[in-house]
Amino acid sequence: MKEKYKITEKQLDFLDKFLTKKGYSNNENKFELMDHLICDFELNGNGNLSQFLSTKLSFINEQKFTKQKIYNRLYLREMFKEFLSFFSDFKKIPLTILIFFFIYYFTKYFNNKVIIVSFGISLITLQLYGLYISFVEKELRKIEEFRALATVTYMPSYIVILFSNVQSPLKYIELFAFFWFLTFMITLSFVIYAKSKKDELKKKYNHLIKG
């Protein structure tokens, strides 16, 4: 009959530090994985925790990326719901219309240089606020869910990067105005959702942040 090994306090401490180095924050996801590994080690290990973990590296990394992908998909879906609410929520529709007409008339009555500069400033300002939300509190960076949220928040910036490679973007001014409007609304929606979700995560992990 295979001998079963009971994990020691020293090995528990080693496992905790090992998972931290592997990118797991001090939250329930880490503890959930620790619990699984401990049970597996005590049932199937040979007493050598380092050797056991070396055989579980792929599983450990896979769990981390799987959870992050789940969070990314969830947050992306919720952020687009926030975006769509600007076109379906009667309380938000007036603001949506106001932003659209402001951008449209701005592109009609100002020269190209002013338009491009204003386009950049409007989006960069939102992104900087998103950056502030994501990184102002270093305690939150330890939380896996928040890191995933910060990653998704900056997805609209890729749209601007792609736009920068377009030749003669103001050749069709009406099309550019529509692009500016949609990009601004998507970025605004993502930042609004990120702020709301950040507050939610702070309450959820308050005990870990204070600790």
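The values are calculated or read from the model by the stated rules, or taken from the named source; none is laboratory data. These numbers were taken from a predicted model, which means no experiment stands behind them. Glycine gets a Cβ as well: all are built from the backbone with ideal geometry, and neighbour counts include every protein chain shown. Note: areas computed on protein heavy atoms with side chains; ligands, DNA, RNA excluded. Shrake-Rupley method; radii C 1.70, N 1.55, O 1.52, S 1.80 Å.
Odds and ends about this structure:
- Debye equation applied to the C-alpha atoms of the stretch 48-90, log10 I(q)/I(0) at 0.27 Å⁻¹: -0.86
- Point-to-point label distance, K69-K22, nm (Cα→Cβ direction, 7 Å offset): 1.7 nm
- Rounded to the nearest 10 degrees, the angle from helix 57-88 to the longest Cα principal axis of the chain is 30 degrees.
- Convex hull volume per residue for the stretch 40-173, taking Cα atoms only, in Å³: 175 Å³
- Normalised per residue, the accessible area of the chain is 62 Å², obtained with a 1.4 Å probe and no contribution from ligands, DNA or RNA.
- Over the stretch 109-188, the reciprocal of the mean inverse Cα-Cα separation, the Kirkwood hydrodynamic radius, stands at 14.0 Å.
- 0 to 90° range, to nearest 10: angle between helix 93-109 axis and the chain longest Cα axis: 60 degrees
- Lys/Arg +1, Asp/Glu -1 at C-beta; the chain dipole; positive extreme among Q51, M34, F179: F179
- Angle between the chain longest axis and helix 112-135 axis [Cα atoms, degrees, rounded to 10]: 20 degrees
- Unit charges on C-beta of K, R, D, E only; dipole of the chain, Debye: 280 debye
- Accessible surface of the chain, 1.4 Å probe: 63 percent of it comes from carbon and sulfur atoms.
- Among the GluC sites (Glu not before Pro) in the stretch 82-145, those located in a DSSP loop and surrounded by at most 15 other Cβ atoms within 10 Å of their own Cβ are E137.
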